[in-house]
């Protein structure tokens, strides 16, 4: 359970400011060395073509932009992760959650650019999202994971349903 205890401390990564500061990026004074910084944002006005490029980079199939826009608009929480060098920002991670606004939330679309994987940034992105959910008093958090990332989520404290599979799916023919 170390992951859950570490939600409020994330060395080396800066979270976006709180809602009172409108969740905009807070850029610290740039050094002359142009050291890249990683920032998180809860803003929803993401360039959807930039998000599509990020999803393409990890091999996800394309989805209609209009549906992606609608999914983001109707999400309970959106957390994006950015690399900033000088004045240039690059979307390097994204996640979102839907919720009943009381008890339950489901995490969707967790993606980190391949150039930034294996550096703890996916874990930091998940920490930000779960921290926001916990701040909204959501206690039951679920997600769906492809087989190749199950161990990543297990490392964050997620587990298969201990009472057996309860989830079922319906797909149109």
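Extension gain for residue 76-residue 135 works out to 20.0 nm (0.36 nm per residue, less the C-alpha to C-alpha distance). Here the stretch 55-128 is treated as a sphere whose radius is the Kirkwood value from Cα pairs; by Stokes-Einstein at 20 °C and 1.002 mPa s it diffuses with a coefficient of 159 µm²/s.
Between residue 115 and residue 151, the simple spin-label model (points 7 angstrom out along Cα→Cβ) gives 2.7 nm.
Shape of the stretch 105-173 from the C-alpha gyration tensor: oblate (a/c of 1.5 or more and a/b not above b/c, with a ≥ b ≥ c the square roots of its eigenvalues). Extension gain, residue 104 to residue 69, is 10.4 nm, computed as 0.36 nm per intervening residue step minus the present C-alpha separation. Once the chain from residue 142 to residue 35 is taken as fully extended at 0.36 nm per residue, the excess over their C-alpha distance is 34.9 nm.
Per-peptide packing, taken as the mean over residues of other Cβ atoms within 10 Å, places 98-108, 161-171, 65-75 in the sequence 98-108, 65-75, 161-171 from highest down. Taking the fewest neighbouring Cβ atoms within 10 Å as the starting point, the ordered list for 58, 79, 110 is 58, 110, 79. Site pair residue 48 and residue 86 shows an inter-label distance of 3.2 nm when each label is modelled 7 Å from Cα along Cα→Cβ.
No lab work stands behind these numbers, since they all come straight from the coordinates. Please read all numbers here as calculations on a predicted model, not as lab measurements. Note that each Cβ is placed from the backbone with ideal geometry, even for glycine, and that neighbours are counted across all protein chains shown.
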